[in-house]
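Here's the structure we're looking at; comments come further down.
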């Protein structure tokens, strides 16, 4: 089963902020960062159970090239979806848990 993605506004802002920072470091690096996030989301969407549960029902996928990860939860109701957020090593799982309990975000297809 392929999962839909629910993207929190905070997750989009985190990705934009990091991409801008990387772009200032080197032209094109910000786009490479966004592409890496997209690859991670596609891997998660294709097989969300491949990543271990880190805390309660929160899973964590680490980006391959950048020091970021994607925290996410699997939800099953009428439609199955993932709610996700990016993080650096400094972001706590509890912060994601608090953010993800604030309601639905935008569906990313």
Report summary line: Going from the fewest other Cβ atoms within 10 Å to the most, one would list 52, 32 as 52, 32
Requested in this report: Determine, for 44, 58, the number of other Cβ atoms within 10 Å of each Cβ, and report the residues in order from fewest to most.
Outcome: 58, 44
Query raised in the report: Arranged by the count of other C-beta atoms within 10 angstrom, fewest first, what order do 12, 20 take?
Result: 20, 12
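Only the coordinates and a few stated rules stand behind these numbers; no lab work does. Since this is a predicted model, take the numbers as computed values, not measurements. Cβ atoms come from the backbone with ideal geometry, glycine included; neighbour counts cover every protein chain shown.
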